[in-house]
Amino acid sequence: MDSPQAVNGMESRARWKYLDSILSTKSPYADPDYIPGEDVITFLESSRVLVIGAGGLGCEILKNLALSGFKDIHVIDMDTIDVSNLNRQFLFRQSDVGKSKAEVAAAFVESRVPGVKITPYNGKIQDKDEDYYMQFKLVICGLDSIEARRWINSTLVSMVDMEEPESLKPLIDGGTEGFKGQARVILPTVSSCIECQLSMHAPRAAVPLCTLASIPRQPQHCIEWAHIIAWDEQRKGDVLDTDDPEHITWLYKTALDRAKQFNIPGVTYSMTQGVVKNIIPAIASTNAIIAAACCNEAFKIATSCAPYLENYMLYTGDSDASGLYTYTFAAEKKDDCPVCGNLAQTIRIDPDMTLGEFIASLAERAEAQLKKPSLRTESTSLYYQAPKQLEEQTRPNLEKKMRDLLTDGEEVAVSDQALAIDFRYKLVFER
Amino acid sequence: MTATATTPPPIHAPTAKEKKYDRQLRLWAASGQQALEESHVLLVIAGNGDVCSGSSVAGVETLKNLVLPSIGNFTIADSAKVTEADLGINFFLTSQSLGQSRAEECKQLLEELNPDVQGHAITTPLSDLLQDPSHLRPYNLIILCAPLPQEQRRIFCEHAQQYSVSLIHVQSAGFYSSFSIQLPSVFPIVDTHPDPDSIQDLRLLSPWPELLAEAKALDDLDKLEDHDHGHVPYALILLYYLEKWKQNNEGKAPDTFKDKTQFRDMVRAAARTDNAEGGEENFDEAAAAVLKTVAPFSIKSGCREMFEKDSCKVINKDSASFWIIAAAIKSFYETHGVLPLPGSLPDMKAKSADYIKLQNIYKSKARKDVAEVAQSVRSMEKKFSRKDVILDGEIEAFCKNAAHVKVLEGSLLPQLRIENGDVQTRKTMLKELQNTETLLPILLAFENGSRSQLDDMIANNGKIDFEALNNQFAEVERVGGRELHNISSVTGGMVAQEAIKIITRQYVPVDNTCIFDGIGGTTLVLKL
Ligand SMILES: [Zn+2]
């Protein structure tokens, strides 16, 4: 790797006057062994970091890292710029709509902050292997997808080699919703990981199908009906594209008709879009808070100039009691974490439920959230989503009761193609 | 949680503007957006350049977070020229900005973020601007980046008090930051966006005749067919069994915790279990709702405090429309012992038609209550010959949110009260300093020269953690007013959230001080 001096070229340090000054004195909170000064600055500049996501959080993160003394930044994002991004993703302009987020964001920050190198990758995190992730000092995530978070988390956990301290890549993760957000620091295998904390981010309970089909009461029930039931029945063969205005308009009208039939008020186009695309409100200010909180942790970890967050900060900006509050705490590492623990997780089930019902329940269980799981026991394959032949072969099991497939307390291995790891569950019969 | 827009015409494809601002309109709706677009924010930076960046980055980052959601206008008052050190912390400057006006350069690069927003720059020294404070009239929110010379800070604050304009005082240095908000002396908020779980108001212990009739119409629950029995809405189940309970308890509703658990068991026992599911969802919902909904009506402190204010008790021809409605609601409360019914019904297991019927019973009662409040509003308008008629929509919104309305009372910026040696402020600080994890010393360390005042105040106080206090002072001193971009960016986000709350009059702003510690990752909110 180039030495920081070479990256800098002839550029003077005058630009970094404030940063240099803060890194050249010692905080009362710094570790007693910490030595401030040039070595710290050199180390910071040579730290290669990865940013996952170049959206609302990612734009802020890139700006913040560039202005924190990091010089070698990589960014991954598979998305292109949409007009609804412009209210917060401040590195993009109207004329950028349709272009790659990672590329536009990288070019913008590089041109604004001379001497910083930003390498974009327009694609999926799953395209990259362990060798790729091994080159970074740390990883910062600004994602809205739980699945991608779980994937990078399990990848970083599995990369840790106890003999090689360098293989441990701190993961800093941010997320927002409306006026709220969270920032967390994860030391894979050492501290609580994303998977350990999964049940804190439980998915919203789905509306029962029978409510949608026969007794809708809310406008959302009518929209879900149009989305889940009517579309498949009435537009057989059309693949629903939630970005296609014609498709949304169709769903909206269909939902509106159904609502009229049941005298349910309140279906709107905007609500239809919100329900169907699962839109989460997002604003610039919350992204700014969370992204900068994450980069502040990256800065402290890379320089050791002050202690880092242990390990979770929850920010609530819409409290009607106090205006705002933060809740900072140490989330616990779980022995039965399917990713970083070594014990199987216990799940209690009704032995009379079918395998098919059990698989469906795995999507909603807070501690699992698996959408397309394949299951096997030590001795047999219970159900495989793929390949086709194996799927056909195991499909009859879906109708069978759990008690006929397993013994009480038996362990099953569960894998989901969206995630990089096998989960172990111990299934205990209830009732 | 998400604001409901008014029902659009049958086919209402979103406009270009609605598309661009979709993710925020779901929070503060068109009314909040309009308030943002009509506002003009002034950012004041004391350009004193070389060692200290004067919290300028926290200020500019705040503006970024306001320009993106489309504030109408912003003005930066800053007489400094751009230095190289600015380029290392401020994203809204380029190498070409060196030596130019910092206000002009930032203004230009911020404007690029959103063509809907107008920026302005004032580059003359603050002393010129303040020669005639009437120059401050166009702004409806003033943000001061600290440190500012004390006399100048005082002029801004006094102007803001005089004209009932909100002001935010921001400081960011090293890993610490703080902001304090000076609100107008009366700052009412109707749309406080309470937690959706806390807004249920079913009035099960004070049902009105139509609601009670609906429960009575069930006749004998035990005689219902299984399917019907499993679809009675839980609100009616509870009303039905409350009547039974009262028959056995001298007409009294369950009151103590013990009563309520017994009542809950009674409801639970009434569920039919001889079916495939081994129970009934609606009865589960009913049992789960007992503790929360079987309770006498009570008003929250925010509402009670509002009723106690003189502005609410004494209405005259100059009363603001807020207080006229508040007074009307107060008289409603005094007459009926309850607030106007909000009229929303949570989702519950039920057949569609039964649910809609029940929903309409709640809605029409709410409309009736609004009409009664409106009538007393109109009679006050007439009594005082007011020209401006209060809109029905305003009365309706107030009635709907009445239980959660808040009136905040702003007073002079705490930093000025500290400077004045205000006794009450000192008392509050002394109490706060005894909390082991307090961050208050950071704010005091930010205020130049307050250490000696502090030492006087806390001398020999055994309850104070002097080590923590000294460390916070030492850290502030160490960084000497130099900003870290990350901390200023966190702060700019927090201050922008507060600015949005103040401008839209939605959500509840911090009252009045917040301190952020980027080392521990914590905040302290306190009323100084
Ligand atoms: Zn874990």
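The values are calculated or read from the model by the stated rules, or taken from the named source; none is laboratory data. What you see is a predicted model; the values in this text were computed from it and never measured. Backbone-built Cβ (ideal geometry, glycine too); neighbour counts: all protein chains shown.
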Checklist entry - Say we look at the stretch A:111-125 and pick out the residues that are touching a strand residue (DSSP E or B) at 6+ places or on another chain (Cβ under 9 Å) and of a type in the set (Lys, Arg); which of these is nearest to A:LYS63 (Cα to Cα)? => result A:LYS117
Checklist outcome for this item: Expected single match for part of a loop (DSSP other than H, G, I, E, B), more than 8 Å from every other protein chain (Cβ to nearest Cβ) and among the aromatic types (Phe, Trp, Tyr) among A:TYR308, A:TYR327 is A:TYR308
Next on the checklist: Against the condition buried (at least 21 other Cβ atoms within 10 Å of the Cβ) and farther than 30 Å from B:ILE442 by Cα, how does A:ASP79 come out, does it pass?
Outcome noted: no
Item to check | Scope the stretch A:335-348; condition farther than 19 Å from A:LYS372 by Cα and more than 16 Å from the ligand (Cβ to nearest atom); matching residues | outcome: A:ARG348
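Yes/no per residue for (1) within 16 Å of the ligand (Cβ to nearest atom); (2) at pLDDT below 95; (3) not aromatic (Phe, Trp, Tyr):
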{"residue": "A:TYR121", "(1), (2), (3)": "no, no, no"}
{"residue": "A:LYS124", "(1), (2), (3)": "no, no, yes"}
{"residue": "A:TYR133", "(1), (2), (3)": "no, no, no"}
{"residue": "A:PHE136", "(1), (2), (3)": "no, no, no"}
{"residue": "A:GLY142", "(1), (2), (3)": "no, no, yes"}
{"residue": "A:ASN153", "(1), (2), (3)": "yes, no, yes"}
{"residue": "A:LEU156", "(1), (2), (3)": "yes, no, yes"}
{"residue": "A:GLU163", "(1), (2), (3)": "no, yes, yes"}
Item to check | Top-ranked residue in the stretch B:464-490 [being hydrophobic (A, V, I, L, M, F, W, C) and without any contact (Cβ under 8 Å) to a residue 24 or more places away in the chain; ranked as nearest to the other protein chains (Cβ to nearest Cβ)] | outcome: B:ALA474
Item to check | Tabulated pairs, the stretch B:76-100, first assigned by TED's automatic domain parsing to the domain that holds B:HIS485, second surrounded by fewer than 19 Cβ atoms within 10 Å (Cβ to Cβ) and among the basic types (Lys, Arg), C-beta under 6 angstrom, 6+ apart or interchain | outcome: B:GLY99/B:LYS81
Checklist entry - Would a scan of the stretch A:165-172 turn up a residue that is within 14 Å of chain B (Cβ to nearest Cβ) and either more than 16 Å from the ligand (Cβ to nearest atom) or within 25 Å of B:GLN497 (Cβ to Cβ) (or both)? => result yes
Checklist entry - Restricting to the stretch A:267-288, what's the tally of residues that are at the interface with another protein chain (Cβ under 7 Å from one of its Cβ atoms) and over 20 Å from B:THR15 (Cβ atoms)? => result 4
Checklist entry - So which residues in the stretch B:357-412 are within 14 Å of B:LYS330 (Cα to Cα), more than 21 Å from the chain's Cα centre (by Cα) and of a type outside the set (D, E, K, R), if there are any at all? => result B:VAL370, B:VAL373, B:ALA374, B:GLN375, B:SER376, B:VAL377, B:MET380
Checklist entry - Looking at (1) within 14 Å of another protein chain (Cβ to nearest Cβ); (2) more than 24 Å from B:ASN486 (Cα to Cα), which is the one condition that is false for B:ILE71? => result (2)
Checklist entry - Here are some residues: A:LEU256, A:LEU362. Which one is free of Cβ contacts under 8 Å to residues at least 60 places away in the same chain and either within 16 Å of the ligand (Cβ to nearest atom) or more than 10 Å from chain B (Cβ to nearest Cβ) (or both)? => result A:LEU362
Checklist entry - In the set A:ASP352, A:ASP404, A:ASP318, which member is away from the ligand (no atom under 16 Å from the Cβ), within 30 Å of B:VAL508 (Cα to Cα) and among the acidic types (Asp, Glu)? => result A:ASP318
Checklist entry - Quick one: is B:ILE142 under 30 Å from B:CYS312 (Cβ atoms), assigned by TED's automatic domain parsing to the domain that holds B:VAL67 and touching a strand residue (DSSP E or B) at 6+ places or on another chain (Cβ under 7 Å)? => result yes
Checklist entry - Filtering the stretch A:369-402 down to residues that are in contact with a Phe, Trp or Tyr (Cβ under 7 Å, 6 or more places away or on another chain) and of a type outside the set (Ser, Thr, Tyr), which residue is farthest from A:ARG204 (Cα to Cα)? => result A:LEU390
Checklist entry - A:PRO216 versus (1) more than 14 Å from chain B (Cβ to nearest Cβ); (2) more than 16 Å from the ligand (Cβ to nearest atom); (3) not in a helix (DSSP H, G or I): which is the lone unmet condition? => result (1)
Checklist entry - Mind checking which residues of the stretch B:496-512 are more than 7 Å from chain A (Cβ to nearest Cβ) and either surrounded by fewer than 22 Cβ atoms within 10 Å (Cβ to Cβ) or in contact with a Gly (Cβ under 6 Å, 6 or more places away or on another chain) (or both)? => result B:THR504, B:ARG505, B:GLN506
Checklist entry - So which residues in the stretch A:185-207 are more than 8 Å from the ligand (Cβ to nearest atom) and among the hydrophobic types (A, V, I, L, M, F, W, C)? => result A:VAL185, A:ILE186, A:LEU187, A:VAL190, A:LEU198, A:MET200, A:ALA202, A:ALA205, A:ALA206, A:VAL207
Item to check | Long-range neighbours under 6 Å by Cβ, at least six apart or interchain, first residue at pLDDT 95 or above within the stretch A:170-193, second in a strand (DSSP E or B) and within 10 Å of the ligand (Cβ to nearest atom) | outcome: A:LEU171/A:ILE186; A:CYS193/A:ILE186
Checklist entry - Could you list, in sequence order, the residues of the stretch A:282-316 that are farther than 30 Å from A:ASP33 by Cα and out of contact with any strand residue (DSSP E or B) (no Cβ under 7 Å at 6 or more places or on another chain)? => result A:ILE283, A:ALA284, A:SER285, A:ALA288
Item to check | Members of the stretch A:343-359 found to be within 23 Å of the chain's Cα centre (by Cα) and either surrounded by fewer than 15 Cβ atoms within 10 Å (Cβ to Cβ) or free of Cβ contacts under 8 Å to residues at least 40 places away in the same chain (or both), listed by number | outcome: A:ILE359
Next on the checklist: Can you find a residue that is away from chain A (no Cβ under 14 Å), free of Cβ contacts under 8 Å to residues at least 24 places away in the same chain and among the small types (Gly, Ala, Ser) anywhere in the stretch B:126-139?
Outcome noted: yes
Checklist entry - Which of the residues spanning the stretch B:325-345 are surrounded by 18 or more Cβ atoms within 10 Å (Cβ to Cβ) and over 14 Å from B:VAL405 (Cβ atoms)? => result B:VAL338, B:LEU341, B:GLY343, B:LEU345
Checklist outcome for this item: Among A:GLU367, A:GLU332, the single one that is in contact (Cβ under 8 Å) with a residue 60 or more places away in the chain, within 16 Å of the ligand (Cβ to nearest atom), acidic (Asp, Glu) and not assigned by TED's automatic domain parsing to the domain that holds A:ASP422 is A:GLU332
Checklist entry - Quick one: would you say A:CYS222 is farther than 24 Å from A:VAL339 by Cα and surrounded by 22 or more Cβ atoms within 10 Å (Cβ to Cβ)? => result yes
Next on the checklist: If I filter the stretch B:349-357 for residues that are surrounded by 20 or more Cβ atoms within 10 Å (Cβ to Cβ) and not hydroxyl-bearing (Ser, Thr, Tyr), do I get at least one hit?
Outcome noted: yes
